[in-house]
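Laboratory data are not the source of any read-out in this text; all were calculated from the coordinates shown. These figures come from a predicted structure and were not determined experimentally. Cβ: placed from backbone, ideal geometry, glycine included. Neighbour counts: every protein chain shown.
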Amino acid sequence: MDCIIFVLFAELCQKSALEGGGCVPNGEPASPSLAPVATAVSLFAGYGECGKGRMQYASKTFPPDFKFGVSTAAYQIEGGWNADGKGWSMWDHLVRTDPEFIADNTNGDVAANSYYFYKKDVEILKELGVDMYRFSISWPRILPYGRADYINPYGIAYYNALIDELLANGITPFVTMYHWDLPQNLNEQGGWLNEGLVDIFGDYARVLYRHFGDRVKHWLTINEPYVHCYQGFVTLRHAPRVNMPATGFYECGRHLLLAHAKAYHIYQEEFKSQGGQVGIVLSMDWAYPDSDSADDAEAVLDYFASHMGIFANPIFTSEGNYPQRLIDRVANISSSQGFQYSRLRPFSQEQIEYMRGTSDFLALNHYTSDIVYRNASVVGMYEVPSFNDDTGFATYKDPNWPVSASAWLREHAQGFYNLLVYIKDTYNNPTIYVTENGFSTTTGLNDNGRVQYIRNYLNALLDAVAEGVDVRGYSAWSLMDNFEWAMGYTQRFGLYQIDINDPEKERIPRKSALVYKEIISSRFIDLDFDPNPYEVSGAGYHKSCVFVIIVPYLLNNLI
């Protein structure tokens, strides 16, 4: 009975949140405004303000050719970490040499066990009614030692089976070549700090095109180079955890850009007859200035240059190269510290031309927004020299934005709309596929926070499409619960719940899966659709739902 009361209260609270604000104990909408940003600076004329609530819902439908999908990544779901000749990845190495680094002392050895249960994955994809499925190929499963001189036939067979199963069920594969699971052999040779990896990645891409390109027509080369390099060499939250805060990010990013361009040119020169497209996956968040001060306005420009522009400008602008303001800033700071050369090594003109235009579409990963400031409190905040000190700003989240189970992720759909319009205006309106967008919760099926997030972000996407943004598809992160890197299994992004201790890894639909399925089939966001996942799954109400429903409420409103 107590659990049912909590559920009823949560439903009232959820309805209030969907109508425009946060949820407070008396059920009245809380204002989503942010006092420090009462007025947007002229820099953001034309974009929605941070203080505005979520955009109003209207009778908007998705275009008939709009594609819906879901996304996963190999290390996070496959398991089979050493099965059938697979080599070690640097994540396999990390979780064995430093297991306590992972929040719950877990690893990706088994995860969702998709190496053995891939047909279960395709079954739930079919159940959702998606048009596309974005997954990644494990580099060490294909090339156990990292190089193309030995190809693992069992790895080829696994991905052949997965691709064929998808196509047999009318689902288009969107395939990521590299989602952070670098073969450990290559990591020991310097990893992405070694420019020789550019050609090695090209050889790997050639293997993938040759074996799968007859059926795969959408290739994504590198997943989130910003996150990969920043977490791997600055914050040390991801493999390879090499402490090089001054130059590691820049060198890693440089080589990932060149590796992407190498894979793109190989396709154009050797495999164009396959009729596919090649793109890169970039993570981009929106940002607002903390105040109308000139310092904060400049800080936001530096945020965009160092987070987004550093990887987007070399590919998607007519001039190519890094953003000029980033080139100048890092060079000036490096010089002021007595260094002869800038930490941000310049590209040659030949390299600039080689990278420019090397993406047939932009694969966009977006989760949240930031508020950016640069004032006296930032001085001395970061190690010197370092990438963070070079950029010279700090960020925080509006406390009124709805919280997730991840400290870095709060819901703010207006920022998604702003970002999409900004990309159109800045990068000549590229074709966009949203390849990740999602919200973390804890365990349980009544994931109302994720339902609200998906509805609001898809609504923002439709508003951007109405403004002429060329968005062709949307993939939610993630199909099912998976290994969330340093956070292990403590944060759940899945539309489908998995009990990590269940050997069968049953995929149980959450409320968000049922809502997303309805959106896909109707091509409309119906706020009145309110399914009960416990009835659908047959799980029934049980004691865990008290924690699932009431704890997020307490986190949102009482802490």
Subject >> Straight-distance crosslink candidates among lysines, where the alpha carbon sits under 23 Å from K86 and sequence neighbours closer than 8 are dropped >> reply: K119, K120, K505
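For T443, T61, what ranking results if the residue with the fewest other Cβ atoms within 10 Å of its Cβ goes first? Numbers along the way, then the final one.
Working: T443 19, T61 11.
Placing the least packed residue first, the sequence is T61, T443.
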**OP:** Could you tell me which label, among (1) 1.16; (2) 1.02; (3) 0.94, carries the value of Rg/Rh (Cα atoms, Kirkwood Rh) calculated for this structure?
**Re:** (3)
Subject >> Extended-chain gain in nm, criterion 0.36 nm per residue less alpha-carbon gap, T442 and E100 >> reply: 121.0 nm
Subject >> Farthest toward positive dipole pole in segment 145-238 [+1 Lys/Arg, -1 Asp/Glu at C-beta], among N160, L193, F174 >> reply: F174
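Checking the a/c ratio against 1.5 first, then a/b against b/c, what shape does the Cα gyration tensor give for segment 209-330?
Details: a/c = 2.40, a/b = 1.75, b/c = 1.37.
In terms of gyration-tensor shape, prolate.
For the chain, what are the DSSP H helices with axial Cα length of 15 Å or more and mean Kyte-Doolittle hydropathy of at least -1.0?
2-18, 114-128, 153-168, 197-212, 248-266, 294-304, 324-336, 413-426, 448-466, 511-522, 544-557
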Subject >> Dipole magnitude of the chain, debye to nearest 20 (Cβ charges: Lys/Arg +1, Asp/Glu -1, about Cα centre) >> reply: 540
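I need the calculated FRET efficiency for the pair E535 and V379, taking r as the beta carbon distance and R₀ as 41 Å, to the nearest 0.05.
On the way: r = 57 Å, r/R0 = 1.38.
Between E535 and V379 the formula returns 0.15.
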Original post:
Share of antiparallel DSSP beta bridges in segment 2-557, in percent to the nearest 5?
Top reply: 25
**OP:** Treat each spin label as a single point 7 Å out from the Cα along the C-beta direction, and report the N501 to Q189 distance in nm.
**Re:** 4.3
Original post:
What FRET efficiency comes out for the pair S336/E467, r = Cβ-Cβ distance, R0 = 45 Å, nearest 0.05?
Top reply: 0.60
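Any chance you could run the full-extension gain for R210 through K272? It's 0.36 nm times the residue separation minus the Cα-Cα distance, nm to one decimal.
Details: separation 62, 0.36 × 62 = 22.32 nm, distance 1.14 nm.
21.2 nm is the gain from fully extending R210 to K272.
So if we plug the beta-carbon distance of E127 and R237 into 1/(1 + (r/R0)^6) with R0 = 45 Å, what FRET efficiency do we get, rounded to 0.05? Provide the component values of the computation, followed by the final result.
Details: r = 34 Å, r/R0 = 0.75.
The value I calculate is 0.85.
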Subject >> Dipole of segment 88-139 [Lys/Arg +1, Asp/Glu -1 at C-beta], most positive-end residue of S89, N107, Y133 >> reply: Y133
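Considering only the other residues whose Cβ falls under 11 Å of the Cβ of T172, what net charge follows from Lys and Arg at +1 and Asp and Glu at -1? Before the final figure, lay out the partial values.
Values: positive: K67, R134, R215, K217; negative: D131.
Within the 11 Å Cβ shell, the charges total +3.
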**OP:** Holding the Cα-Cα limit at 26 Å, pick out from K67/K126; K126/K262; K67/K511; K126/K397; K217/K262 the pairs that are longer than that.
**Re:** K126/K262; K126/K397
**OP:** Evaluate the distance, in nm, between pseudo-label points positioned 7 Å from the Cα of A157 and of K119 along their respective Cα→Cβ axes.
**Re:** 1.5
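For segment 64-168, what does the alpha-carbon gyration tensor say about shape, rounded, prolate or oblate, given a ≥ b ≥ c as the root eigenvalues, a/c under 1.5 as rounded, and a/b over b/c as prolate? List each step's numbers first, then the result.
Details: a/c = 2.28, a/b = 1.43, b/c = 1.60.
Here segment 64-168 falls in the oblate category.
Which value in deg cm²/dmol, rounded to the nearest 500, describes the helix-derived mean residue ellipticity at 222 nm for the chain, given -39,500 (n - 2.57) per DSSP H run of n ≥ 4 and division by the residue count?
Details: 20 runs with 219 residues, N = 559.
It comes out at -12000 deg cm²/dmol, rounded to the nearest 500.
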Subject >> Ranked packing of 460-472, 510-522, 254-266, most packed first, by mean Cβ within 10 Å >> reply: 254-266, 510-522, 460-472
Subject >> Contour excess over end-to-end distance, with Cα ends at D292 and D65 and 0.36 nm allotted per residue >> reply: 77.6 nm
Subject >> Shape call, segment 281-370: gyration tensor on alpha carbons, a/c limit 1.5 >> reply: oblate
**OP:** Sort V536, V234, V379 so the one with the fewest other Cβ atoms within 10 Å of its own Cβ comes first.
**Re:** V379, V536, V234
